[in-house]
Amino acid sequence: MQDVRLRTGAATLLSLVAFYNIQGAVAASIWWLIFTPNFHLIQKNRLILPSVAMIGVFSVLLEVTGGEGISYFFRMMVVILISAWLLSGQKKGDFLHLGCWLFGSRTGFELGMLAEMALQNLTTLVSDFDRIRAAERMKGVRSGIRSIVPIGRVLVHSTILRAEDTAELLAIRGYVRGGTFVCAFTHGRGDYIAAFFALCVSVIAIIPVSAFFILS
Amino acid sequence: MTRLVLDEVVAIREGWRLAAQGTFDEGVHLISGDVGSGKSTLALLMAGLLPATSGSVKWEQCSSQMVSFQFPECHITGTTVREECESWGLDPSTILPSTGLSGKGDADPFCLSRGELKRLHLACVLARPYDLLILDEPFSSLDAREKLRTCNILSGRSRGITILFTHEQAILPHVGHIWEIRKGRLEYCGSPPEGLRNWQHAPPLIRKLIAEGKTPQNISPDALKEAACRT
């Protein structure tokens, strides 16, 4: 799906529906299997499996403490898969286009720029993580909990430094608020069909089955 | 004898390609290239930290290796400067005085200035006799005096392979071989002084000396001074 408006709209709707109930999660996962490159996404995105593992830990804790851990795990897993699909099609500037289209050239520009910066930072964090792990391995530090703490320190420190640098750069360039931006969007062949079915999935998942069928 | 062999190594990313072929014997090798030409990628490939798209990297009789990344923060594992030295298996009482950080043993490494941190990091890296030492931009964040001190240490490395990736144009160590990345390919320029004539990324001073017929014997400050004073 090339159009960022349809992609973000569909992803938001499907994520909400998937989190809302199990039926929604099942319906969203079927949509994910049909309309996305599905398992190729999992191979390409290195953040999916660690995210699922983290959710898994919380789910086990929830289940053990009497909550609905299994249901939570499944619903969250679908949300993660939908998010991975959303980000996989992301091109530079997409959120800026979307932000300005939604909220105009002041608030929209700000929100779009923030989203773009966050995405850029996510990519940098992944490459920083690889570099820090490589440096640790060369130093003879073994993988494990003890190696996570220094990695976290370096990542937090470098992220804060980068944020400061970006803020200074914006201030030096005279940035105060908002900006001029001409929104442009491209459509793929199946964009509207996929978006339509995302809407259908959401409606079916939210509205009780009895509203559609006469059940005895 | 330690040896690093790049056997038709190719790295490809979106709209970008780097090809490298060559053998790196013991000694100091300098690799230069434009910004974005792939120096850091090549450093990672040479260390085996990044898989090549095709071709292979072979290490012969190489039992220890280290890559010094451009940003020294990546290497920090200690919560104090003293701990950081110890994490390299080194005695802080010998490292800290040599870096001018004697009074900062209990400081958080992240509270050091970029120059101080680079100094500390290089002191730790250069204190150990690695078979393969790859330094990515080792002179960034250093002042002229520290660059000179680092060059003296590098020039004095008697064993192993030392590979420098740098943009430095003024203060360089005595090197055995010069390489450069041109149009997406690693090219061997040769050993100084002959290799200096093929070096397209040579600093302006070296180019000027060559043009005047005073080709320096090497690229260290002493060699350049000798060539400049030659009559």
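Rule-based calculations on the coordinates, nothing more; no lab input. Keep in mind that this is a model prediction, so the values were computed, not measured. Cβ sites come from the backbone with ideal geometry, for glycine too, and all protein chains shown count toward neighbours.
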What helix-only [θ] at 222 nm does chain B give? Using -39500 (n - 2.57) per DSSP H run of at least 4, over all residues, to the nearest 500, the answer is -8000 deg cm²/dmol
To the nearest 20 debye, what charge dipole does chain A have about its Cα centre, counting +1 at the Cβ of each Lys and Arg and -1 at the Cβ of each Asp and Glu? 540
Mind running the shape call on chain A? Use the C-alpha gyration tensor, a ≥ b ≥ c as the square roots of the eigenvalues: rounded below 1.5 for a/c, prolate if a/b tops b/c, oblate otherwise. oblate
Beyond 23 Å, what percent of the Cα pairs of segment B:59-191 remain? 34
Give me the Kirkwood hydrodynamic radius of the protein assembly as shown, using the inverse of the mean 1/r over all pairs of distinct Cα atoms, in Å to one decimal. 25.8
So if I place +1 on the C-beta of Lys and Arg and -1 on the C-beta of Asp and Glu, and nothing else carries charge, what would the dipole magnitude of the protein assembly as shown be about its Cα centre? I want it in debye, nearest 20. 560
Could you state, as a whole-number percent, how many of the C-alpha pairs of segment A:91-185 are farther apart than 16 Å? 64
With respect to the cross-link table entries B:LYS147/B:LYS214; A:LYS139/B:LYS183; A:LYS44/B:LYS183; B:LYS118/B:LYS225; B:LYS118/B:LYS214; A:LYS92/B:LYS208, which display a Cα-Cα separation exceeding 32 Å? A:LYS139/B:LYS183; B:LYS118/B:LYS214; A:LYS92/B:LYS208
Tensor-based shape of chain B (alpha-carbon gyration tensor, a/c under 1.5 rounded, otherwise prolate or oblate): oblate
Among A:ILE160, A:ALA171, A:GLY144, pick out the residue whose Cα is farthest towards the positive end of the charge dipole of segment A:91-185, where Lys and Arg carry +1 and Asp and Glu carry -1 on C-beta, about the Cα centre. A:GLY144
Per-residue average of Cβ from other chains inside 10 Å of A:190-196: 0
Out of B:VAL9, B:SER40, B:LEU90 - ranked by how far each Cα lies towards the positive end of the dipole of segment B:1-96, with unit charges on the beta-carbon of charged residues - the top one is B:VAL9
Within segment B:166-231: Cβ-based charge dipole about Cα centre, in debye rounded to nearest 20 (Lys, Arg +1; Asp, Glu -1): 220
Sum of -39500 (n - 2.57) over DSSP H runs of 4+, divided by residues of chain A (222 nm, nearest 500): -25000 deg cm²/dmol
Which one, A:ALA198, A:PRO50, A:MET76, projects farthest toward the positive side of the charge dipole computed for chain A from Cβ point charges (K/R +1, D/E -1)? A:PRO50
Please report the base-10 log of the normalised intensity I(q)/I(0) for segment B:1-115, using a Debye sum with one equal scatterer per alpha carbon and no solvent, at each q in 0.13, 0.16 (1/Å). -0.69, -0.89
What order do you get for A:172-183, B:105-116 when each peptide is scored by the mean count of other beta carbon atoms within 10 Å, highest first? B:105-116, A:172-183
